[in-house]
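Report on one structure; see the data block that follows.
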Amino acid sequence: MRVLLAVHHFPPRYSAGAELYVLRLARELLRHGHQAEVVCVETIDVTKPFGVDVALDQYAGIPVWRLHLGLKGAPAQWSYDNPAIAAWFEQQVQLSQPDIVHLHSGYLIGIGAVRAAHAQGIPTVVTLHDYWFLCPRITLLRGDGSLCPQPPTDPAECAWCLHLDQRRYRWPARFSAGLAGKVWIALAGQTERTEQQARRDTLRAALAQADLVTSPSQFLANLFKEWHIPVQTIRLGLPREPFASVPPVQAGSTVRLGYIGQIAPHKGVHLLIRALKRLPANGKSIELRIFGNLDQHPAYTRTLRHLIDGAPNIHLVGKFRSDQIAHVLGQIDVLVVPSIWYENSPIVVLEAHASGRPVIASRSGGLVELVQDEVDGLLFTAGDSRDLARQLQRLRTEPGLLERLRDGIQPPPLLDEEIQTIFQHYTALVERRTASRGIG
């Protein structure tokens, strides 16, 4: 079986959740004797004329087509329906004739892969890793940092949200307690609505062309009910071997907290630092180690350094190789996931549980499907540093809490189970295509 995997970015330069998921899937395809190729966006240059240059690379034995985008003079819809990328996919799919085309997220790479495969009758799978199909900001976080309760029915609301990146819109919105936005939306011109409606209609039509749409969380799957597009929930799995050697958590004189992930505003690292600094000075010592790429969002990293302000118990450790995750988890007692956006299904939570580490997480999105409050972790009100501080303080003062949460952890699903489910879907789609050709 030959599978073409399309994703916005790919290692070694990028290593967030979707990128690592695709890397893992590609490796499993190769391990089981199949063929896998990856297509990703490697660079974006706004000074280069609109178009795409493609370079074939190898990473971990996987062929990788790395796209280099020029955006000078790009059409308005380039971010979701890039004609240059679509034309390349049409040619590539026709030449290579993969058995399956599998799109992940859609951010930057757009819908060209789905359209090209559908046009040639090649089965297509889309895995939702975020909210890109529903939200032009991808995260369902508004420009003012607040959570969007659900995808708006009026596309002008999305247009207003995008304007909030600009100070001339953001300040009136803040000082009018939201009234400025309501007025703007009511008076929004047809152009603003039309652009956002076009994005919605285009992406909905493309998603409807996919033969299978999957999501790691039921939360994300449920958001597409109004689109009348069925989404299959396939839970993520893990191999057990890498985590078997992680030493068990033992209550000691210091509670060792860890954050592992992107150093980005929507991940809420600032919230965690503020919560930690709220704790009283007396009592059991507590420390925090922050693991992640400190160079990805330099302004945000500067904000974090300012918040830390030399606190000796908070450490910005930096990034690490993905194969070092078990070693990193061995350095902490509890993982904290303080996200202010709706997390889908962060694999680091599964990795923490596989290592016997309880998880403190925001009570939102797919996190509530992974963390059982008071059983294998603790949940706190999303975006509330006081409530997070309350849960952190319990680790210092509540006898036996850490051990009870540790003992309540159940092993996460196995990677082999997840991969078997995906391969079963692949096989069924290929067989259906073969049968339809035979009938024809």
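The values are calculated or read from the model by the stated rules, or taken from the named source; none is laboratory data. The shown structure was predicted, so the numbers you read here are calculated from the model rather than taken from an experiment. Virtual Cβ from ideal backbone geometry, glycine too; neighbours counted across all protein chains shown. The area values use the complete protein model at the heavy-atom level, side chains included, leaving out ligands, DNA and RNA. Shrake-Rupley method; radii C 1.70, N 1.55, O 1.52, S 1.80 Å.
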Next item on the list: Give the value in nm², to one decimal: projected area of the alpha carbon convex hull of the stretch 251-386, averaged over all directions.
Entry: 7.9 nm²
Check: Sorting 46, 22 by accessible area (1.4 Å probe), largest first, what list results?
Finding: 46, 22
Check: Roughly how many Å² is the accessible area per residue of the chain, as a whole number, for a 1.4 Å probe?
Finding: 45 Å²
Margin query: Restricted to Cα positions, what overall size does the stretch 223-312 have along the principal axes? Three whole-Å values, descending.
Written below: 54, 37, 26
Check: So which lysines can residue 267 reach, going by Cα to Cα under 17 Å and dropping same-chain residues fewer than 8 places off?
Finding: 319
Check: On the first, second and third principal axes, largest extent first, how far apart are the outermost C-alpha atoms of the stretch 1-67 in Å?
Finding: 43, 22, 15
Next item on the list: Express the carbon and sulfur contribution to the solvent-accessible surface of the chain as a percent, rounded to the nearest whole number, probe 1.4 angstrom.
Entry: 52 percent
Margin query: How tilted is helix 190-209 with respect to the longest principal axis of the chain? Cα atoms for both, answer in degrees (0 to 90, nearest 10).
Written below: 80 degrees
Checklist line | residue 317 versus residue 120: modelled label distance in nm, points set 7 Å from Cα along the beta carbon direction | finding: 4.5 nm
Checklist line | Solvent accessible area, Å² - residue 195, 1.4 Å probe, full protein context | finding: 100 Å²
Next item on the list: Report the net charge of residues surrounding residue 198, where surrounding means a beta-carbon distance below 12 angstrom and charges are Lys +1, Arg +1, Asp -1, Glu -1.
Entry: 0
Notebook entry, point to check: Under a 1.4 angstrom probe, counting protein chains only, how are 384, 333 ranked by accessible area, largest first?
Noted result: 384, 333
Checklist line | Computed over the stretch 207-342: relative contact order in percent, which uses C-alpha pairs under 8 Å that are six or more apart | finding: 29 percent
Notebook entry, point to check: Expressed as a fraction of 2.2 N^0.38 Å, the rule-of-thumb size for a compact globular protein of N residues, what is the C-alpha radius of gyration of the chain?
Noted result: 1.02
Next item on the list: Over the alpha-carbon set of the stretch 329-440, divide Rg by the Kirkwood Rh and report the Rg/Rh ratio to two decimals.
Entry: 1.21
Check: What number, in percent, do you get for the relative contact order of the chain if the mean sequence gap of Cα pairs under 8 Å and at least 6 apart is divided by its residue count?
Finding: 12 percent
Notebook entry, point to check: Based on the Kirkwood radius over alpha-carbon pairs, what value in µm²/s does the Stokes-Einstein equation return for the translational diffusion coefficient of the stretch 5-136 at 20 °C and 1.002 mPa s?
Noted result: 144 µm²/s
Check: Going 7 Å from the Cα of residue 204 toward and past its Cβ, which residues in the stretch 100-114 have a backbone nitrogen under 18 Å from where you end up?
Finding: 111
Check: Setting aside same-chain residues fewer than 8 positions from residue 225, which aspartates and glutamates have a Cα under 19 Å from its Cα?
Finding: 130, 154, 201, 211, 343, 369
Checklist line | Cα-based reach from residue 72 at 22 Å (exclusive), listing lysines while leaving out same-chain residues under 8 positions away | finding: 48
